[in-house]
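Peer 1: One structure is given below, represented as structure tokens, and several questions about it will come after.
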Amino acid sequence: MTLLSIRDLSVCIGRLRPLDGISFNLDKGEILGVVGESGSGKSLTATSIMGLLPLIGGKVLKGSMYFDGIDLTTLDEASYRRLRGRRIALISQNPMTSLDPIVRIGAQIDQMASLHLGLSPQKARARSIELMEQMRIPQAATVYGQYPHQLSGGMKQRIVVAMALAADPDLIIADEPTTALDVTIQAQIVQILIDLVRERGLALMLITHDMGVVAQACDRVVVLYAGRVAESNSVEGIFAEPRHPYTRALIRCIPRGGQARGSLVGIPGVVPRVLDYPRGCRFNPRCDLAQPICYTETPPVHADGSAAVACHFSEVRAHV
């Protein structure tokens, strides 16, 4: 059952349009990976869903965002506040932006449960400790009384996940939740998120630039490039038969076992700034399949069941 449906969403900040006509669905019990390089529009998509565009001078120009039948684009701030934290929760990439350095860990989790669920102090404390134990935090009762600076980066990120779960939301948006962590801790955090979705039946939108994390965790994938959806498909379809040149380029960048030292693959060029979006297909300056039409016409979206790709030459099969 569809929980979140984004249709033809365009966002403007002043005269700029950093998101341009993006569409995707997220079902209950599903993990959706939103992937792309920095500047592709991943975090702005999360900001839009959370109703935080006014904080950065942005607004929805057109399109719709339906969450459990509610059109988020029609909500005022008071209505949005009743959803944020309670039904839609955000996990940021830097836990220190979510944690108050001078408030004890337990009090910060308690506040979420008390505010949104109306729990008494005693019940909120019990819930907070239970959540920390579910996050596999050793000696949770002790950590409950500590301050953020006393914890490692991995532990702080687990606390942020616990805070996101405190009000028992239906949707969690995790914005690069493992970026600042070492590889071992990254894998642990991702596995915790996977387990939570499977056990609780909630929906997870996992924003990342790491295709390895996508392969490990996600059911479906949306590939963003320069504010547009390049491709969307099941994770199996994305890796078995990627149809957009950008998707193929991202997959080629995944390090492989046995790769010679110094032979990591990259994508030439950079994601264009919003001011410099090219005409036609926005990937054309970096695409090895680009033809004259790619420089003049926006590629149509070719849909095939639950898969979609925006490319003039989506039927061209290239080696990944």
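The values are calculated or read from the model by the stated rules, or taken from the named source; none is laboratory data. Just so it is clear, the structure is predicted and the values come from calculations on it, not from any experiment. Please note: Cβ atoms are built from the backbone with ideal geometry, for glycine as well, and neighbour counts cover all protein chains shown.
Peer 1: From the list 104, 87, 136, which one is at positive phi and surrounded by fewer than 19 Cβ atoms within 10 Å (Cβ to Cβ)?
Peer 2: Answer to the selection: 136.
Residues checked against (1) among the charged types (D, E, K, R); (2) at pLDDT 95 or above:
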site	(1), (2)
230	no, yes
237	no, yes
254	no, no
259	no, no
279	yes, yes
283	no, yes
302	no, no
308	no, yes
317	yes, no
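Peer 1: Testing residue 28 on (1) assigned by TED's automatic domain parsing to the domain that holds residue 196; (2) over 26 Å from residue 212 (Cα atoms); (3) among the charged types (D, E, K, R), one condition comes back false. Which one is that?
Peer 2: Evaluating residue 28 over (1) assigned by TED's automatic domain parsing to the domain that holds residue 196; (2) over 26 Å from residue 212 (Cα atoms); (3) among the charged types (D, E, K, R) leaves (2) as the failure.
Peer 1: Could I ask something else about it? Take the residues in the stretch 26-54 that are without any contact (Cβ under 8 Å) to a residue 60 or more places away in the chain and of a type in the set (Gly, Ala, Ser), then tell me which one is nearest to residue 168 (Cα to Cα).
Peer 2: 51
Peer 1: Scanning the stretch 114-133 for residues that are part of a helix (DSSP H, G or I), of a type in the set (Gly, Ala, Ser) and without any contact (Cβ under 8 Å) to a residue 12 or more places away in the chain, which turns out surrounded by the most Cβ atoms within 10 Å (Cβ to Cβ)?
Peer 2: Per the stated criteria, the residue is 114.
Peer 1: Of all residues in the stretch 11-30, count the ones that are among the small types (Gly, Ala, Ser), in a strand (DSSP E or B) and more than 20 Å from residue 70 (Cβ to Cβ).
Peer 2: 1
Peer 1: Evaluate the following for residue 176: is it in contact with a strand residue (DSSP E or B) (Cβ under 8 Å, 6 or more places away or on another chain) and either closer than 30 Å to residue 33 by Cα or surrounded by fewer than 18 Cβ atoms within 10 Å (Cβ to Cβ) (or both)?
Peer 2: Judged against the criteria, residue 176 is a match.
Peer 1: Somewhere in the stretch 57-69, is a residue crowded, with 21+ Cβ neighbours inside 10 Å, touching a Gly at 6+ places or on another chain (Cβ under 9 Å) and part of a strand (DSSP E or B)?
Peer 2: no
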